[in-house]
Each structure stands twice: as C-alpha cells, then as structure tokens.
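Student: Dumping the structure here so I can ask a few things about it.
The values are calculated or read from the model by the stated rules, or taken from the named source; none is laboratory data. On a predicted model such as this, the values are computed, not experimentally measured, just so you know. Cβ placement follows ideal geometry from the backbone for every residue including glycine, while neighbour counts extend to all protein chains displayed.
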Amino acid sequence: MRSNKRTKKTIKQWLNVSAKPKTRDRIWREVLFVQEQSRKTDSALVRPNIWRIIMKTRTVKFAVAAVVALIVIGGLTFLPSKGTDGKQWWLAPPAAWSQEIMDALDTFNSVTCREQLVTVMSDGSEHTSMTWIKFYTSNNSYRRDIYDGDFFREIQWYVPDGGNMNQHSIRFDLESYFIQTHTGSYGNNDPVDRLRMYVGLLDEADGQLGTEIIDGCECVGFEISASKYGSNPDEWMDRIWFDVETKLPVRIEKLARPITGRADMTRTTIQDQFDYDPGLTEDTFIPYTPEGFVFGHPDDIEAARKASEN
C-alpha cells in the first residue's frame, strides 16, 4: 500500500512536463473519484470514467493513462480516509456532489445572512464599514434590514409583481417611506440564488483554498473568477466556503471590486452568518408603513431638511 502523499507527488511528477498546476490538481481530484468508484463498482463499469479523464486532458493523456492504470488496474490504494463523516467529499469532481448541495438548498423555505462591505487600501489594510445588512430570503421575496452600527436605519422589501419587482422602503431616521418598481425578476440580490449560481460554477473553479475554521465550523473554500459569469473582468475574484459536515455554504467573498473615483482602493463584499432554518413568519416579507411617516425618496427628504435648516 502506498501513502496518499507519496502517490500524489508521483502523479504531479508524471504530469509536470506539460500540465499547469491547476490542470494537475483537477486531474488529481478526478483520479481520486474514479479510484473510489473502482472500489464499489465492477472495473468494466469504471473504465469509461477513466478514459473520460484521459481524453479530456489531451496534452497529458499518456501520463494520465499510465498513472490511472497503476491506480485502478494495479490496485494501488491511496484514497484519503473519509471516515463516516465524509469530510473529504470535496476531493471528488464537483459534478459528483454539487447536485447534493443544490438539493439541500431547495429544502429551505427561508434563509438569512449578514452582508458587510470591506474597503481594501493600496497597502493591503482593510476597513469594515459601519453599515451592514441582514438579508431575509423566502421562496419568492426577500428583505434587507440596514444597520449603521447598532442603529436600525432602514428596511427594504422586494416583492415580485408579474415580471417586475416592487421595492418598498422605510427609513426610521427620516420617518419616511418610498416605493419604486424595478424592471426584471426578483433574485439579482437573493443570496440563495447567488449560492446556486456559485455551486453551478464549482466545476470551473480557479483553485481550492484548502480548509479553514469559520464561525466554529471546518470549511473548505473555492476561488472562482467573476469573469466566469456575466461580463466581469478577470481580476474580480469570488470565494465561497462550505461547511464540510453539512456541505452548505458558510461564507461568500466578492473581492477586488473597484471604488468609483478611488483607484487606490477596492471593495470586498462578504456574506456570512447564514441561517438555513430561521423560522421566519409570513409577515416578515409583508411591507408596512409606520404611522406618521411621510412619502418621499430619501435623497429628496434629506435635501428638504438641509434647505430648511439654512
């Protein structure tokens, strides 16, 4: 029996001539997956998966063929011990487990999380904004509670209306409310939809970040270029961390976003403190207006107040 560490080193040496590190790591994960399947399934059924790996990576197919032959045909056992808790599920190709995450997300009727903005200076120092948001998400609506430190400043409800979305906002500091309609369907800022999008992109991840303890949970992280979706530039990067026990997302980081007029700064958006079973009541997503609040856009209300003070 050969150790996992030694065999992985051997594979990297075989592939070193023509494969990039990212390619080698992907092949390594897929070889691990195929080797595990060979334990559970007749070898004749496993071979198509082997050749899928080989043909998918033409520049290194001969090296891969030799390595896979040693692993599956030669019977070398080097798959990491997963134990009963399955903590190393991420070593399999994302296609093998991403659907499980999708299915898990679909079982929740509501989810909450926190969102914060971090300004990154040119010297690498970071400043976390005092303003932060708590998201409440249901099957077809969502809500944003906006805080300035400990002060509860604002509520924004986003409710579908046909093919559009109505935003109903109240400002406690201005004692005002405002309603506007956004063109397009709900979901652009929905954290669960965003999670589903990232899970669907894991097969194209630019790298694995290893494991890290986040909020007391052991997590595994992946890094994905934002250019993989939309028309975002290559330098925008996103990171998503999963709890290795539940396989549910724990933290999302959207890095390297520019700040208008400040070329020496970038912005990072962080979503964390996910609660997948918050027990929200139906009225969480029903807009209301406190008695005595006046109608008007916050900018107009503030401008009028400043004018009256002068």
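Student: Of (1) within 24 Å of the chain's Cα centre (by Cα); (2) crowded, with 19+ Cβ neighbours inside 10 Å, Tyr177 satisfies all except one. Which?
Tutor: Tyr177 satisfies all of (1) within 24 Å of the chain's Cα centre (by Cα); (2) crowded, with 19+ Cβ neighbours inside 10 Å except (1).
Student: Hey, can you tell me all the residues within region 277-301 that are closer than 27 Å to Thr246 by Cα and outside any helix (DSSP H, G or I)?
Tutor: Asp277, Pro278, Gly279, Leu280, Thr281, listed by residue number.
Student: Surrounded by fewer than 18 Cβ atoms within 10 Å (Cβ to Cβ) and in the same structural domain as Tyr136 (by TED's automatic domain parsing): does that describe Gly230?
Tutor: Details: surrounded by fewer than 18 Cβ atoms within 10 Å (Cβ to Cβ): yes; in the same structural domain as Tyr136 (by TED's automatic domain parsing): yes.
Yes: the conditions hold for Gly230.
Student: Then there's this: Do you know which residues across region 260-287 are in contact with a strand residue (DSSP E or B) (Cβ under 8 Å, 6 or more places away or on another chain) and hydroxyl-bearing (Ser, Thr, Tyr)?
Tutor: Initially, region 260-287 is screened for residues in contact with a strand residue (DSSP E or B) (Cβ under 8 Å, 6 or more places away or on another chain), giving 265-276, 278, 280, 284-287.
If the condition is that a residue be in contact with a strand residue (DSSP E or B) (Cβ under 8 Å, 6 or more places away or on another chain) and hydroxyl-bearing (Ser, Thr, Tyr), then Thr266, Thr268, Thr269, Tyr276, Thr284 are the ones that fit.
Student: Consider Phe78 against the criteria (1) assigned to a loop (DSSP other than H, G, I, E, B); (2) surrounded by 15 or more Cβ atoms within 10 Å (Cβ to Cβ); (3) at pLDDT 60 or above: it satisfies all of them except one. Which criterion is unmet?
Tutor: (3)
Student: Okay, next question. Scan region 276-296 and give yes if some residue there is within 24 Å of Val120 (Cβ to Cβ) and under 16 Å from the mean Cα position of the chain (by Cα), otherwise no. First the steps, then the outcome.
Tutor: Taking region 276-296 first, the residues within 24 Å of Val120 (Cβ to Cβ) are none.
No: zero hits.
For every residue, the table says whether it meets (1) among the charged types (D, E, K, R); (2) touching an Asp or Glu at 6+ places or on another chain (Cβ under 6 Å).
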| position | (1), (2) |
| --- | --- |
| Leu195 | no, no |
| Gln208 | no, no |
| Ile214 | no, no |
| Glu218 | yes, no |
| Trp236 | no, no |
| Arg262 | yes, no |
| Ile270 | no, yes |
| Ile286 | no, no |
| Ser308 | no, no |
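Here is a yes/no grid of residues against (1) without any contact (Cβ under 8 Å) to a residue 60 or more places away in the chain; (2) assigned to a strand (DSSP E or B); (3) over 12 Å from the mean Cα position of the chain (by Cα); (4) over 21 Å from Ala95 (Cβ atoms):
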| position | (1), (2), (3), (4) |
| --- | --- |
| Leu201 | yes, no, no, no |
| Leu209 | yes, yes, yes, no |
| Ile224 | yes, yes, no, no |
| Pro233 | yes, no, yes, yes |
| Asp238 | yes, yes, no, no |
| Arg267 | no, yes, yes, yes |
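Student: When residues of region 84-117 are filtered for being farther than 22 Å from Asp275 by Cα, touching a Lys or Arg at 6+ places or on another chain (Cβ under 9 Å) and either in the same structural domain as Arg194 (by TED's automatic domain parsing) or polar (S, T, N, Q) (or both), how many remain?
Tutor: Qualifying residue count for the region: 1.
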